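Each remark here refers to the structure printed beneath this line.
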Amino acid sequence: MNHTLTDVPGIQVGHYTHLKAATGCTVIICPNATVGGVDQRGGAPGTRETDLLRPLHLVDTVSAVVLAGGSAYGLAAADGVMRYLEEHGLGYRSRAGYLVPIVPAAILFDLAIGQSNVRPDAAMGYAACEAASNAPVPQGTVGAGTGCRVGAMRGNEYATKGGIGSASVDLGEGLVVAALMAVNAVGDVVEDNGRIIAGMRETPTSSTFVSMMSMMKGLAHRVEMPAPVSAGENTVIGVVATNARLTKEEVNKVAQMAQDGLARAVRPAHTLFDGDTIFALATGEIPANVTAIGAYAAEVTAEAIRKGIRAATSLAGVRAWKD
């Protein structure tokens, strides 16, 4: 066990990181016949191929998942992933015999940090595939986590650096549940005991945080955010994966239950200004109980979010939690 998403046999993860522009993308390449699902709860999503993942639709397997910065521009990274998969003969085979890689994607807003005119594109998506492996997943200020911020409502100087985090749990006899999350939230990231480890700072030089819930109370009667506070553009996006054998309906249930982990680690979660989206993947090796898998998906999701904060390093004027 390496305690990251690649503990799930057959899953490969690759990052492309552009530190100067403070952006990047992450690709999760799936083994053949991996069943996919999704649960999208934020009010400002940016996604691709999510309808296909829901029950009652024809295709139930996915080839890869892309997480990217760059706001809606970053969805272009999936084009490069499709090209890579096609070249390697990976994808859904249509009834007429055509190969079509199925690549759902979700993006986060990182245009307000680094260089806004540099966004993940097809070339970056392809490069992330070339970097993919089953090695322990690099965490922190890498891939889709490169430009992540938490609590950026008053600008970068008050925000805390977010990032990519990953975690896994061994349920015995080879059964694994794991998560990988890119943390770019409006709300505070909190420990189980409620202690804030990332959020909006009291002052640009402070190491203490303003409680976002307290701030929301003060804004409760405001129809719009008052100046100088802006709503910001934020999200937590990620993937939970398991080697359990699950149906498409069950995989979607796992994605839904994983959102509970997001809500445990981020307060508040699923706001109008977040695009919170979690994909779920089941590679189909081991028969398993979907309720147990979903319960542990929530656990590793919360752990991955906190690990993403702890692993992040300061970048482009946004301080990491320990700086």
- request: Check the straight Cα-Cα distances from residue 161 and name the lysines below 27 Å, setting aside those fewer than 8 residues away within the same chain.
  value: 20, 217, 307, 322
- prompt: Roughly how many nanometres apart are two label points built 7 Å out from the Cα toward the Cβ at residue 19 and residue 314?
  reply: 1.5
query: Could you give the length gained on full extension between residue 133 and residue 223, defined as 0.36 nm per residue of separation minus the Cα-Cα distance, in nm?
result: 27.7 nm
field: Charged-residue dipole, Cβ positions (Lys, Arg, Asp, Glu), the range 5-311 about Cα centre, Debye nearest 20
entry: 540
task: Return the Rg/Rh value of the chain, two decimal places, where both radii are evaluated on C-alpha atoms and Rh is the Kirkwood radius.
output: 0.97
field: For the range 177-309, diffusion coefficient by Stokes-Einstein and Kirkwood Rh (Cα), 20 °C, 1.002 mPa s, µm²/s
entry: 136
message: Defining a contact as two alpha carbons under 8 Å apart and six or more residues distant in sequence, what relative contact order in percent does the chain show?
response: 25
task: For a footprinting-style exposure proxy, rank 273, 209, 109 by other Cβ within 10 Å, fewest first.
output: 273, 209, 109
- prompt: Order of 267, 195 from fewest to most other C-beta atoms within 10 Å?
  reply: 195, 267
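Based only on other Cβ atoms within 10 Å, what is the fewest-to-most ordering of 203, 61?
Result, fewest neighbours first: 203, 61.
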query: Roughly how many nanometres apart are two label points built 7 Å out from the Cα toward the Cβ at residue 93 and residue 289?
result: 3.7
message: Rounded, prolate or oblate for the range 62-211? Axes are the square roots of the Cα gyration tensor eigenvalues, ordered a ≥ b ≥ c, and the cut-off for rounded is a/c under 1.5.
response: oblate
Shape call, the range 19-132: gyration tensor on alpha carbons, a/c limit 1.5: oblate
- request: Show that you can apply the helix-only estimate: for the chain, add -39,500 (n - 2.57) for every DSSP H stretch of four or more residues, divide by all residues, and state [θ] at 222 nm to the nearest 500.
  value: -6500 deg cm²/dmol
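Laboratory data are not the source of any read-out in this text; all were calculated from the coordinates shown. Since the model is a prediction, treat every value here as computed from it, not as a measurement. A quick note on method: Cβ atoms are made from the backbone with ideal geometry, for glycine too, and the neighbour counts reach across all protein chains shown.
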